[in-house]
Amino acid sequence: MLDDLLTYTHLHSSTYEIELVQVDGMEFFEMLLSGYEPLCSEKNIDLQTICDANGTYAVNPKQMIRVVDNVMSNAIHHTEAGKRIWLAAVTDEKVVKNGLFDFVFQNAAFEDGYAYLLVQNEGTGISEEALQHVFDPLYQADQARSKKEARGTGLGLSITKQIIERHGGDVEIFSKENVGTCVICRIPQILK
């Protein structure tokens, strides 16, 4: 909780500079997407991973790990046993066309010059009203949880959005109740 609050405060500071390093897309995103199998297996969730992100990127590896951890933590928490999570990093929308929910593919904008980091889970989804607030700090869509059952600080998606924006990208979230949710982070390539 303290780490989330400190990170949130740093990211909101105009003097805080995020250090970026140049990375090869395939190598970096392959590393970034790895390691979630045991967490999904524990909960009997089918994790499907696709990595097809070409190009060169300027990233802060530690902060990008935090982004994927935040989004995957939410996806795992809101996915029941026997359901599926789809984790992908791609540069070409054709690679993901058949895996995305129809309502996501019809509304998401894919452009050349970006890597798309996607986390999609089958689950209860998020109501339209709650969807408008998911990036607000301290907001938790599941208000019914007691403090005893609560997990997290409500800062995860807000921090995720700030980190991606510090990388020159943006984040979109699509959800449909009783179907699932998809978070798409767009990260610009370094054009040569």
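Descriptive notes on the structure:
- The separation of segment 159-180 from segment 34-66, counted between C-alpha centres, amounts to 15 Å.
- Neighbour net charge for E122 - beta-carbon separation under 15 angstrom, K R +1, D E -1: 0
- Using distinct alpha-carbon pairs, which all enter the 1/r mean, Kirkwood radius of segment 59-111 in Å: 13.0 Å
- Going by accessible surface with a 1.4 Å probe and the largest first, K97, K161, K83 read K97, K83, K161.
- Here the extension length gained between E172 and K43 equals 43.8 nm, from 0.36 nm per residue of separation less the Cα-Cα distance.
- Gain upon complete extension [D112, R84; 0.36 nm per residue less C-alpha separation]: 7.3 nm
- Long-range amide H partners of L100 with built H, under 5 Å: none
The values are calculated or read from the model by the stated rules, or taken from the named source; none is laboratory data. Only a predicted model underlies this, so the values are computations on that prediction, with no experimental measurement involved. Positions of Cβ are generated from backbone atoms using ideal geometry, with glycine treated the same way; all protein chains shown enter the neighbour counts. The accessibility values were calculated without ligands, DNA or RNA, using every heavy atom of the protein model including side chains. Shrake-Rupley method; radii C 1.70, N 1.55, O 1.52, S 1.80 Å.
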